[in-house]
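Before I ask anything, let me first share the structure, which is written out below as structure tokens.
Read the figures in this text as sums done on the coordinates, not as results from a lab. Worth saying up front: this structure is predicted, and the values here are computed from it rather than measured. Neighbour counts are summed over all protein chains in view; Cβ atoms, including those assigned to glycine, are modelled from backbone coordinates with ideal geometry.
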């Protein structure tokens, strides 16, 4: 892993008290996930104890400790989405991707995760792909959205 990409962030925030979350967010944005060696590097460069860096990175659900596909699908499993069919939509997504939750598809394009809530209950059932919300989903519409992204990526 080329840690040089993180140097500007560390130069800007590395000695600021309370900046660890900002550094971790930028690191994840650059590398897509937070590997153990990246966390160790951040600890070394900032002087923050490695256990604290690891503790923060594993405490917050927004941080990933495994690589993900190019497109990250977050499927809401909150109460409103669950009541409105998110379980069936998950099955449709799993079949469309031919992958289980947390796995990267064989083409490297997708990973999906179930999340407790996306905060868009009025759109239930909902999913988010790379930060864009999709709501009022059906099994068919969720699969179609994924197919459209696949087609766009293959061009």
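Kindly express, to the nearest 10 degrees and within the range 0 to 90, the angle between helix 20-31's C-alpha long axis and the longest C-alpha principal axis of the chain.
60 degrees
Using only the Cα atoms of the stretch 71-154, construct the convex hull and provide its projected area averaged over every direction, in square nanometres to one decimal.
4.6 nm²
Still on this model: Tally the DSSP beta bridges in the chain and give the antiparallel ones as a percent, rounded to 5.
Taking every DSSP beta bridge within the chain, about 55 percent pair in antiparallel fashion.
Please report the antiparallel percentage of DSSP beta bridges with both residues in the stretch 71-154, rounded to the nearest 5.
Once the DSSP bridges in the stretch 71-154 are tallied, antiparallel ones form about 55 percent.
Evaluate the Kirkwood expression for the hydrodynamic radius of the stretch 3-59, namely the inverse of the mean inverse distance over all pairs of different C-alpha atoms, and round to one decimal in Å.
10.9 Å
Determine the relative contact order of the stretch 3-59: mean sequence separation of Cα pairs under 8 Å and six or more apart, normalised by residue count, in whole percent.
32 percent
Please work out how much length the chain gains when fully extended from residue 150 to residue 122, using 0.36 nm per residue of separation minus the C-alpha to C-alpha distance, in nm with one decimal.
Length gained between residue 150 and residue 122: 7.4 nm.
Based on the alpha-carbon gyration tensor of the stretch 39-94 and its eigenvalue square roots a ≥ b ≥ c, which shape applies: rounded if a/c is under 1.5, prolate if not and a/b is larger than b/c, or oblate?
Prolate, since a/c reaches 1.5 and a/b exceeds b/c.
Now a separate question. From the Cα gyration tensor of the chain, with a ≥ b ≥ c the square roots of its eigenvalues, which class applies: rounded if a/c is under 1.5, or else prolate if a/b is larger than b/c, or else oblate?
prolate
With a cut-off of 8 Å between alpha carbons and a minimum separation of six or more residues, what is the relative contact order of the chain in percent?
19 percent
Cut-off 10 angstrom, C-alpha nodes, Gaussian network model of the chain. Which of 116, 43, 51 fluctuates the most?
51
Another question, then. How high is the relative contact order of the stretch 71-154, given as a whole-number percent (alpha carbon pairs under 8 Å, six or more residues apart)?
38 percent
Helix 50-59 against the longest principal axis of the chain: what's the angle in degrees, Cα atoms only, rounded to the nearest 10?
Taking the Cα atoms of the chain, the angle to 50-59 is about 20 degrees.
Which of the peptides 143-151, 10-18 is most tightly packed, and how do the rest follow, going by the mean number of other Cβ atoms within 10 Å of each residue?
143-151, 10-18
Using only the alpha-carbon atoms, how far is helix 36-46 inclined from the longest principal axis of the chain? Give it as 0 to 90 degrees, nearest 10.
The answer is roughly 40 degrees.
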